[in-house]
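J.: First the structure, which I've put down as structure tokens, then a few questions once you've had a look.
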Amino acid sequence: MKNEVLSKTIHEVSADLKAKKVSSVELTKAALDHLEEIEPKVQSFITITRDEALKRAAEADQRLASGKDVTPLTGVPLAIKDLLCTKGIRTTCASRMLETFVPPYNATVVEKLYEAGAVSVGKTNMDEFAMGSSTESSFYKKTRNPWNLNCVPGGSSGGSAACVSSDQAFGSLGSDTGGSIRQPAALCGIVGLKPTYGRVSRYGLIAFASSLDQVGPFAKDVEDCGLLLGAIAGQDPKDSTSADLPVPDYAAEMKKGVKGLRVGIPKEFFPAGLNQEVADAVKKAIVELEKQGAKVEEVSLPASPYGLAAYYVLAPSEASSNLARYDGVRYGLRVPGENIVEMYSKTRAAGFGPEVKRRIMLGTYALSSGYYDAYYLKALKVRRLIKQDYDKAFGKVDVIATPTAPNPAFRFGEKTGDPLSMYLEDVFTVSINITGLPGLSVPCGMSESGLPIGLQLIGKAFDEATLLRTAYAYEQATEWHKQKPALKES
Amino acid sequence: MALSEKDVQYVAKLARLEVTDPEVAKYTQQLANILEYVEQLNKLDTTQVEPLTHPLDVKNVFRPDEPKPSLTQAEVLSNGPEVQSGHFKVPKIM
Amino acid sequence: MPTEYEPVIGLEVHCELKTATKLFCGCRTTFGNEANTQVCPVCLGLPGTLPVLNEKAVEYAVKIGLALNCTIAQYAKMDRKNYYYPDLPKAYQISQYDKPLNYGGYLEVPLKEGIKRIGVTRAHLEEDAGKLVHAGGKAGRLDSSDYSLADYNRGGIPLVEIVSEPDIRSADEAYAYLTELKNILLYIDVSDCNMEEGSLRCDANVSIRPKGTEKFGTRTEIKNMNSFKFAKQAIEYEIKRQAALLDKGERVVQESRLWDVTENKTKTMRSKEEAHDYRYFPEPDLVPIILSGDYVRKIKDQLPELPGAKRARFASKYGLTAYDAGVLTADQELAHWFEEGAKHTKSPKGLANWIMGDMAAKMKEQEKELKDLEFDQKKLGELVDLMEAGTINSKQAKEVFAEMFDAGVSPAEVVKSRGLAQVSDPKAIEGAVDKVLSENPNVVADYKGGKQGVIGFLVGKVMQASRGKANPKLVNEILKKKLDA
Ligand SMILES: [Zn+2]
């Protein structure tokens, strides 16, 4: 039987820990027991780290007992996407290529969670090298959507979303290159945030597309989301692209209400043919914000519909280079060959799945001699046009509201036959990565068939506080985040 | 710009990916579809537009020239598929 | 009549910077340590790691650019050069493509026929690769080994690649360019330029064309020459090889070649199986380098006087020949030693002769460096002045020098203790001359009869009589005066 404490949020359970109503070891054991019990159904994890978790929980209890250095995350069981390097714990990127890879170092965000006293219960499943929108491209398993086990949890951070949605962990970290936090958060009915590019260190995040990747949190509610962001944000001397900016007190910032806040609605994000349930839910959410005193106005982002096309040039190009290092020499899989070129080619053919190969080839093509200007350079120019659109819009509004995903969770296999149809899942999320802006998804409704729908809020660069504030105000007035999935098939 | 099977074979070779003939046929089709979708970028006039490589406007991030500890040799080699006398071993190069 | 060809040569020099740490991580750059002990997650290219640029490397690169009269870029960036090779951990090298730190410079190279200006296209910053040991089979040979072993200690050490314009017209010019470039790099103290340890490496692009024509011929690239001597030999060989091909009506194939030191010839490197397609693109993990005028000016102000300027100054200030000025400035320490010495003598030219003559020979013979010398500039200056003043003659000076070199004693004291002082008193010499003339009437008669060469015999006699102490110049003068009277 599931221990009721597992249904709580981080801020609730953190209070219990501080009040000694429960110890971290008890809490962690309960979480692990529940995790293991439902794992055959949900399959969120690639690696479960029970011993490591209990060790950290015991340390957290000492910290709680001493009362020193206690943070809201001290003693709280969390989960980490399996592309964040964890020292001594294998980190696979859901790829056969890295089945045996054990990093000798921690990602900066992992280090920060540990410093805050958090407990990690394991490494979550994902699309291979974060390439996908359904977590189906994992070499290891298919994570299932807790709201309907026949549906995908979204991707690429499907495991990190499903485990929080099903109370296997109180929160988790994921990564978002084109929507990989926001889309699974929407599909699993939880809160997910992609911070501004540079807000959170990428050191130790196994790169997919370096100029787009960003680490961010999954949480059961907006307040937890702010706590997790506060813990991982900040400049890192190991990441040249992390910003030298102070990290606000998100918990205080988010409770200021939305009176007078200017909310922009871009018509390009409500195209004809958009799933009606999604469109309705998002529009209702906007009305709710208006009710609370926000001023809603239409904005135009004319170049943003080209974001997906630009993304599918830029991301694969960077990926083709980032994934070149998997060559069977220093770590990971090696398939023997007569000579070095044969070894390389066999290793990479066996180590990567079809989606990864597709993107590597696409990116290699876009960068290759004779095509660079037509594809890569063109995409970089379109990137600037899209950025200019957003800059202009944010001259008028404080936050932009859109759907997160074009539809609720879909069934396994529904889009795997046609890569392009899968790519279209990212249509509302990619332009935020292209521009580096922060984006958040908060639950805003349920489909007829009982699948969650997400509202995407987009903010100015480094203004996550306003996103959290808007989402918090909305969430406090609604009940979506309180619903729990039944872990049933239908 | 129509993508041919020859292009896919060239790119696979460049990316060090062994591909079978049926794979080449499949990838050619799929990549051609994606590239066709990407062609829509040409609808935008970008003649006066500077490329944007970094979403962030940051410059001159440097590190002081101060030594930090390296890994031990055992740590360096710990993930190596094949190691020999302190080195990573690789098959013959020519 | 055979066609006369003109070689067209461009050089690419890779220079390892002497920073304490690597270009993108805190690993040390020490040479010769045990394999894979100067390696961290970053320079091993482990998944998830990121580069952070070493500020000292940027400073050194700018220093090189300034010393080579380059324009320092207002906007520079790092790029990825993608290719697979087991010495390259990330399968891309972080380098600079279209926005290098330094471009459009030149180097003034002293040649026998005068100074020649050779263009420097660019000098950009990049990371070094690791090292491969080819083992099994015919071990050590790339083309016949069974396997290779990779060591990443060198991987990530900062390099500046200095690319010349194809302005060089002979192997000798190439040699002179390399020598001058190395000298500059040593002067500005950015590299130890140790060729045996690979901290200076050179590739040459060589082509030939019929003399008087404009169009470049097909070039070959001679890779990785680790000594200037080999570079010169390889370029000479390659020029002849290409000329022979063209004379036979054959074509030069564009390819990379290696200099085989045992066979003294360039050999084709079995071409990689596809044409290079490096797919350069801006390194997203690093941000642009935008250096202020102030920053560049500060570095410029710190530059020492460079070899070319020093040569010119030595020639004009000290009255040295171009050759002597070249020898003395070929080593910054020697130049400094000379210049200190010049403060202690009335004849810098005389000092230069001593330094390049007896002193250099003895130092070579005894394998001594400047810091090992028993004497200082003041003493050598003293010796020069004693000789210039005629106190001792050149033969005596050599003896005094030897003693000073071995024991560090002051020349004035040696002269005194050995009673060596030269007799330059005309009266004393006149006496000796008169005596010799009166004792050798036949010789005097011969002289007067037109055999003027016999004066040497008479000088010898006077010197003998003075036991070598007489000032030979004076003896000569007085003899002549008396004989011609
Ligand atoms: Zn290192």
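J.: How many angstrom lie between the C-alpha centres of segment A:420-447 and segment B:28-89?
T.: Using only Cα atoms to place each centre, the spacing works out to 23 Å.
J.: Sequence gap at least 6, Cα distance under 8 Å: using those rules, report the relative contact order of chain A to the nearest whole percent.
T.: The normalised contact order for chain A reaches 18 percent.
J.: So, how do all the Cα-to-Cα distances of segment C:305-409 break down into 5 Å bins, in percent, from 0 on up?
T.: 2, 13, 25, 26, 19, 11, 4, 1
J.: Ignoring everything but the protein chains, give the 1.4 Å probe accessible area of residue C:297 in square angstrom, nearest 10.
T.: 130 Å²
J.: Right, something else. First measure r as the distance between the Cβ atoms of residue A:2 and residue B:21, then evaluate 1/(1 + (r/R0)^6) with R0 = 51 Å and state the FRET efficiency to the nearest 0.05. It would help to have the intermediate numbers written out before the result.
T.: Details: r = 52 Å, r/R0 = 1.02.
About 0.45, to the nearest 0.05.
J.: Here's something else I'd like to know. Quickly estimate the mean residue ellipticity at 222 nm for chain C, helices only: each DSSP H run with n ≥ 4 gives -39500 (n - 2.57), and the total goes over all residues, rounded to 500.
T.: -11500 deg cm²/dmol, from helical runs alone.
J.: Please turn the phi angles of segment A:84-90 into ³J(HN,Hα) values with the Karplus equation 6.51 cos²θ - 1.76 cosθ + 1.60 (θ = phi - 60°), one per residue in order, whole Hz, x for glycine and proline.
T.: Once θ is set to phi - 60°, the couplings for segment A:84-90 become 9, 5, 10, 4, x, 10, 4 Hz.
J.: Let me ask another. Please report how far the C-alpha centroid of segment C:283-347 lies from that of segment C:386-403, rounded to the nearest whole angstrom.
T.: 33 Å
J.: Classify chain B from the C-alpha gyration tensor, please: rounded if a/c falls under 1.5, else prolate or oblate depending on whether a/b exceeds b/c. Each step should come with its number before you reach the end.
T.: Values: a/c = 3.96, a/b = 1.30, b/c = 3.06.
Taking the square roots of the gyration eigenvalues as a ≥ b ≥ c, chain B is oblate.
J.: Also, quick follow-up: Where a Cα-Cα gap under 29 Å defines reach, which lysines qualify for residue C:448, not counting those fewer than 8 residues away within the same chain?
T.: Partners found: C:427, C:435, C:461, C:469, C:473, C:480, C:481, C:482.
J.: So for segment C:5-299, what are the equivalent ellipsoid semi-axes in whole Å, largest first, each being the square root of 5 times an eigenvalue of the Cα gyration tensor?
T.: Gyration-tensor ellipsoid for segment C:5-299: 31, 25, 17 Å.
J.: Turning to a different aspect of this structure: What are the aspartates and glutamates whose alpha-carbon lies under 17 Å from the alpha-carbon of residue A:68, with same-chain residues fewer than 8 places away excluded?
T.: Within the straight-line cut-off, residue A:68 pairs with A:16, A:59, A:115.
J.: Multiply the residue gap between residue C:192 and residue C:484 by 0.36 nm, knock off their C-alpha separation, and tell me the result in nm, one decimal place.
T.: This chain segment gains 98.8 nm when fully extended.
J.: Checking an interface number: how much accessible area is buried between C and B, summed over both chains, with a 1.4 Å probe, in Å² rounded to 100?
T.: Chain pair C/B: roughly 3800 Å² of buried accessible area.
J.: Continuing with the same structure: What number, in percent, do you get for the relative contact order of segment C:273-383 if the mean sequence gap of Cα pairs under 8 Å and at least 6 apart is divided by its residue count?
T.: It rounds to 20 percent for segment C:273-383.
J.: So with the 1.4 Å probe, I'd like the accessible area per residue for the protein assembly as shown, rounded to whole Å².
T.: With the other protein chains kept in place, the protein assembly as shown gives 39 Å² per residue.
J.: If you don't mind, another one. Taking only C-alpha pairs under 8 Å that are 6+ residues apart, what is the relative contact order of chain C in percent?
T.: On the way: 862 pairs, mean separation 66.3, N = 485.
14 percent.
J.: Students sometimes get this wrong: rank C:418, A:325, A:262 by accessible area, probe 1.4 Å, all chains present, largest first. Mind showing how you got there, number by number?
T.: Details: C:418 110, A:325 15, A:262 75 Å².
Largest to smallest exposure gives the sequence C:418, A:262, A:325.
J.: Counting only protein heavy atoms and rolling a 1.4 Å probe, how much accessible area do A and B lose on contact, total for both sides, in Å² to 100?
T.: Roughly 5400 Å².
J.: What does the convex hull of the Cα atoms come to per residue for chain A, in Å³?
T.: 135 Å³
J.: Round to the nearest 10 and report in Å² the accessible area of residue C:268, as given by a 1.4 Å probe over the protein chains' heavy atoms.
T.: 80 Å²
J.: Here is a follow-up. Am I reading the C/A interface right? What is its buried accessible area, both sides, 1.4 Å probe, to the nearest 100 Å²?
T.: The contact between A and C buries close to 2700 Å².
J.: Same structure again: If you roll a 1.4 Å probe over segment A:346-415 with all protein chains in place, what percent of the accessible area is carbon or sulfur? The partial results should precede the final answer.
T.: On the way: 950 of 2040 Å².
Result for segment A:346-415: 47 percent of the exposed heavy-atom area is carbon or sulfur.
J.: Now for a separate question. Going by alpha carbons, how many degrees (0 to 90, nearest 10) lie between the helix axis of B:21-38 and the longest principal axis of chain B?
T.: It works out to around 70 degrees.
J.: Convex hull over the Cα atoms of the protein assembly as shown, averaged projected area in nm²? Write out the running numbers ahead of the final one.
T.: Values: hull surface 223.7 nm².
Result: 55.9 nm².
J.: Moving on. On the accessible surface of segment A:212-291, probed at 1.4 Å, how many percent belong to carbon and sulfur atoms?
T.: Of all accessible area on segment A:212-291, carbon and sulfur atoms account for 53 percent.
J.: Report in % the part of the accessible area of chain C that belongs to carbon and sulfur, leaving out ligands and nucleic acids; probe 1.4 Å.
T.: About 50 percent, which is the carbon plus sulfur part of the accessible surface.
J.: Counting each DSSP H run of 4 or more residues in chain A as -39500 (n - 2.57), what helix-only mean residue ellipticity at 222 nm follows after dividing by all residues, to the nearest 500 deg cm²/dmol? Mind showing how you got there, number by number?
T.: Working: 16 runs with 181 residues, N = 490.
That comes out to -11500 deg cm²/dmol.
J.: Per residue of chain B, what 222 nm ellipticity follows from adding -39500 (n - 2.57) for every DSSP H run with n ≥ 4, rounded to the nearest 500?
T.: One gets -10500 deg cm²/dmol as the mean residue ellipticity at 222 nm.
J.: Please get the size of the charge dipole for segment C:305-409, origin at its Cα centre, with Cβ charges of +1 on Lys and Arg and -1 on Asp and Glu, quoted in debye to the nearest 20.
T.: Values: 15 positive and 19 negative charges, 99 e Å.
Dipole about the Cα centre, nearest 20: 480 debye.
J.: Enter the Cα centre distance for the pair segment A:301-328 and segment A:6-66, rounded to the nearest angstrom.
T.: Going from one Cα centre to the other spans 37 Å.
J.: Another question, if that's okay. Keeping every protein chain in place, order A:392, C:63 by accessible area at 1.4 Å, biggest value first, i.e. largest first.
T.: Ranked list, largest accessible area first: A:392, C:63.
J.: Would you check the accessible area of residue C:14, probe 1.4 Å, heavy atoms only, in square angstrom rounded to 10?
T.: Accessible area, nearest 10 Å²: 30 Å².
J.: What are the residues of segment A:86-113 that lose 40 Å² or more of accessible area, with a 1.4 Å probe, going from their chain alone to all protein chains?
T.: For segment A:86-113, once contacts with the other chains are taken into account, A:104, A:105 lose 40 Å² or more.
J.: Sticking with this structure for a sec: Please list, ordered by chain and number, the residues whose modelled amide H lies under 5 Å from the amide H of residue C:202; skip anything fewer than 5 residues away on the same chain.
T.: Under 5 Å from the amide H of residue C:202: C:14, C:224, C:225.
J.: Still on this model: At a cut-off of 50 Å², which residues of segment A:359-386 become less accessible once all protein chains are present than in their chain alone, using a 1.4 Å probe?
T.: A:361, A:362, A:364, A:365, A:367, A:375, A:378, A:380, A:381, A:384, A:385
J.: Same structure again: Determine the dipole magnitude for chain A: charges of +1 sit on the beta-carbon of Lys and Arg, -1 on that of Asp and Glu, nothing else is charged, the reference point is the Cα centre, and the result goes in debye to the nearest 20.
T.: It works out to roughly 360 debye.
The values are calculated or read from the model by the stated rules, or taken from the named source; none is laboratory data. Because the structure is predicted, anything quoted here is derived from the model rather than measured. Note that each Cβ is placed from the backbone with ideal geometry, even for glycine, and that neighbours are counted across all protein chains shown. Note: areas computed on protein heavy atoms with side chains; ligands, DNA, RNA excluded. Shrake-Rupley method; radii C 1.70, N 1.55, O 1.52, S 1.80 Å.
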